[in-house]
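Below is one structure, written out as structure tokens; comments come after it.
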Amino acid sequence: MQQEYPPDYVPHIGETRQYWRDIILGVNDGLVSIFLLVVGVVSGGLSQEQVLLTAIAGAIAGAVSMAAGEYLATKSQDEVLDAELRLEQTHIREFREMEMRQLRGFFTEMGVTDEHLDGVMTGFETNDRALLNAMAALEFGVVDSERRSPFRAMVASGGLFLLGSLPSVLPFAIAGSVTAALIWATALSLTGLFSVGVVKARVARTSWVVSGFENLIVAGVGGAIAWAVGRAFDADIA
């Protein structure tokens with residue numbers, strides 16, 4: 001049954017919360033890295049066809065790298081956490097009193113007062129599953145609803161990297177000149193970066209102006225460096 005909220009209640013993000021890192025990282029990396037790549041090779045003197053090929057190759061390589069890296073990293077993290085939870089089950093079975101003392105310490109650190117602590121601990125004294133879940137959350141930071149699917153993380157990172165690369169790739173496929181393509185790539189990429197900052201700010205409930213311009217500043221500084229490197233390379237081989 002769908003939860004009904006009061007009119008002034010602000011609900012949490014929900015099941016997508018644990019994937020926002022992949023979402024922001026994927027699209028932002030695609031926007032920034034491919035934009036810097038085309039800026040660098042344009043300033044290095046490459047033709048429009050060469051820039052397009054370079055951008056496409058960079059977009060595909062970056063997407064595959066992001067997807068594979070995120071899948072392996074997330075899967076490895078899950079495997080480590082599963083191993084830790086299996087060991088925790090052994091600790092609960094063989095060293096229960098020590099685990100109970102440790103849990104008591106966690107609750108004390110959370111601010112549960114001594115007068116309420118015994119009552120809180122009562123529910124864990126004979127319930128192994130509850131004790132394991134509590135220790136998983138408090139000792140390892142593992143909550144089932146917050147665990148990330150390696151496949152979903154892979155798709156989010158790789159797919160959104162490709163999406164983020166499009167503003168820098170498409171202009172070189174359809175524009176009439178390298179200059180026009182670079183102008184369009186710059187305008188579209190900066191618009192995309194500002195939009196990502198705004199979306200991130202809305203989700204994080206922070207200032208969209210600060211977040212948007214933060215993205216623009218990073219891309220602007222990176223673009224200037226990439227342009228300077230490309231010009232230096234072009235001058236060396238001229």
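The values are calculated or read from the model by the stated rules, or taken from the named source; none is laboratory data. It should be emphasised that the depicted structure is a prediction, and the values quoted were computed from it without experimental measurement. Ideal geometry is used to build each Cβ from the backbone, glycine not excepted, and the neighbour counts take in all protein chains shown.
Would you pick out the residues in region 161-213 that are part of a helix (DSSP H, G or I), more than 21 Å from Glu70 (Cβ to Cβ) and hydroxyl-bearing (Ser, Thr, Tyr)?
Within region 161-213, Ser168, Thr179, Thr186, Ser189, Thr191, Ser195, Ser211 qualify.
Suppose the filter is buried (at least 21 other Cβ atoms within 10 Å of the Cβ) and either on the phi > 0 side of the Ramachandran plot or at pLDDT 85 or above (or both); does Gly26 pass it?
Judged against the criteria, Gly26 is not a match.
Residues checked against (1) over 28 Å from Ser157 (Cβ atoms); (2) surrounded by 14 or more Cβ atoms within 10 Å (Cβ to Cβ); (3) touching a strand residue (DSSP E or B) at 6+ places or on another chain (Cβ under 9 Å):
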{"residue": "Gln48", "(1), (2), (3)": "yes, yes, no"}
{"residue": "Ser76", "(1), (2), (3)": "no, no, no"}
{"residue": "Leu87", "(1), (2), (3)": "yes, no, no"}
{"residue": "Leu103", "(1), (2), (3)": "yes, yes, no"}
{"residue": "Gly111", "(1), (2), (3)": "yes, no, no"}
{"residue": "Asp114", "(1), (2), (3)": "yes, no, no"}
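Go through region 184-215 and report how many residues are of a type in the set (A, V, I, L, M, F, W, C), at pLDDT below 85 and either closer than 20 Å to Phe161 by Cβ or touching a helix residue (DSSP H, G or I) at 6+ places or on another chain (Cβ under 6 Å) (or both).
6
Pairs, please: C-beta under 8 Å, at least 6 apart or cross-chain, first residue farther than 18 Å from Ile34 by Cβ and in a helix (DSSP H, G or I) and in region 217-235, second hydrophobic (A, V, I, L, M, F, W, C) and modelled with pLDDT of 75 or more?
none
Name, by its number, the condition in (1) closer than 26 Å to Gly45 by Cα; (2) surrounded by fewer than 18 Cβ atoms within 10 Å (Cβ to Cβ) that does not hold for Ser168.
Single failed check for Ser168: (2).
Checking Asp236 against (1) at pLDDT below 80; (2) surrounded by 14 or more Cβ atoms within 10 Å (Cβ to Cβ); (3) not basic (Lys, Arg), which single condition isn't satisfied?
(2)
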